[in-house]
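The values are calculated or read from the model by the stated rules, or taken from the named source; none is laboratory data. None of the values given here were measured: they were computed from a predicted structure. Note: ideal-geometry Cβ built from the backbone for every residue, glycine included; neighbour counts use all protein chains shown. We work out accessible area using only protein heavy atoms, side chains counted, and drop any ligands, DNA or RNA first. Shrake-Rupley method; radii C 1.70, N 1.55, O 1.52, S 1.80 Å.
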There are 2 protein chains.
Amino acid sequence: MAEGPFVRDPAFARGASRLVDLTLCEVWLQSDRRFPWLVLIPRRPGLRELEDLTDGDRAAFTAEIVRAGAAVRAMGAAMGRPVEKLNIGLLGNITPQLHAHVVGRRADDPAWPGPVWGHGEAVAYDETTEAAMRGAALGALNG
Amino acid sequence: MAEGPFVRDPAFARGASRLVDLTLCEVWLQSDRRFPWLVLIPRRPGLRELEDLTDGDRAAFTAEIVRAGAAVRAMGAAMGRPVEKLNIGLLGNITPQLHAHVVGRRADDPAWPGPVWGHGEAVAYDETTEAAMRGAALGALNG
């Protein structure tokens, strides 16, 4: 495990807003109203791959990914667009610091059945909808 | 947890070949020489999402995904194309039965930096290369 403090790649703050800290991860709301979408960043130094986590952190990461899935479902429900399938992705081709995408998908969403990553351009939330999404996600994460 | 026997969606056998069974998952080699790529299918009935696994199975699934990452690295090395980044995806938009993709990526691969899913058409292995890939993956999985 790398030494030193946790440092978040500045790229995460472009295109997402910080929502809450769980035990292991920072949770960020992706600024894209096309999909209910959270990003989890483990607060540990020097991580690139899942294999870089200790066994204990891996279990926490998996548990927090499952919690984020429930939050993404709550976001979809709050938009009147219930999630039909969760998509989980650990890619890092552009931003290599370890992070997990948790995305709610529907057969009528603009990228279905393809992946969301790299699909078209993000569509920003209006303030009211973003606040509703934050509320729905936080309610599920804290519930 | 669902009752009954494990049933694999027949879709997995189109486009992949079975490699080995680990404690929890069947491991399949994706028939696409563009990327070293394994697919893990937990042998439990009725699974669609990560949340459907018990805590114990979740830990086993994560551990087997990490082992598959090492196998994918071994495949890349055997091709003379060392893996630069692992991509892990749990999507299921087309085949909803729970499975994980573990893919080795390089900055010079045909889909970089985008995701592999839905990118162009698979390119079949020739027999010799496929045998080498199976050997490399099995060596890492059994090592």
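Take the residues in segment B:80-115 that are open to solvent by less than 40 Å² (accessible area, probe 1.4 Å) and of a type in the set (Val, Ile, Thr), then tell me which one is nearest to the other protein chains (Cβ to nearest Cβ). Filtering segment B:80-115 for residues that are open to solvent by less than 40 Å² (accessible area, probe 1.4 Å) and of a type in the set (Val, Ile, Thr), the one nearest to the other protein chains (Cβ to nearest Cβ) comes out as B:Ile88. Set side by side, the residues A:Arg34, A:Arg73, A:Arg67 differ, and just one is within 15 Å of the chain's Cα centre (by Cα), part of a loop (DSSP other than H, G, I, E, B) and over 21 Å from B:Arg105 (Cβ atoms), which is A:Arg34. When the residues of segment B:1-25 are filtered to those that are within 18 Å of B:Gly89 (Cα to Cα) and in contact with a helix residue (DSSP H, G or I) (Cβ under 8 Å, 6 or more places away or on another chain), the one that is surrounded by the fewest Cβ atoms within 10 Å (Cβ to Cβ) is B:Leu24.
Restricting the first member to segment B:62-75 and to residues that are more than 8 Å from chain A (Cβ to nearest Cβ), and the second to residues that are in a helix (DSSP H, G or I) and open to solvent by less than 10 Å² (accessible area, probe 1.4 Å), the beta-carbon pairs closer than 8 Å and six or more apart or on different chains are B:Arg67/B:Leu141; B:Ala68/B:Leu141; B:Ala71/B:Ala137; B:Ala71/B:Leu141; B:Val72/B:Ala137; B:Ala74/B:Ala137; B:Met75/B:Met133; B:Met75/B:Ala137. Assessment of segment B:116-125 against the conditions (among the β-branched types (Val, Ile, Thr), in contact (Cβ under 8 Å) with a residue 40 or more places away in the chain and within 14 Å of another protein chain (Cβ to nearest Cβ)) yields at least one matching residue. Give segment A:41-61 a look and list any residue that's without any contact (Cβ under 8 Å) to a residue 40 or more places away in the chain, assigned to a helix (DSSP H, G or I) and open to solvent by 10 Å² or more (accessible area, probe 1.4 Å), or say none. Listed by number, the residues that qualify are A:Glu51, A:Asp55, A:Gly56, A:Asp57, A:Arg58, A:Ala59, A:Ala60. Among the residues of segment B:119-143, those that are surrounded by 16 or more Cβ atoms within 10 Å (Cβ to Cβ) and either assigned to a loop (DSSP other than H, G, I, E, B) or not basic (Lys, Arg) (or both) comprise B:His119, B:Ala122, B:Tyr125, B:Met133, B:Ala136, B:Ala137, B:Leu138, B:Ala140, B:Leu141.
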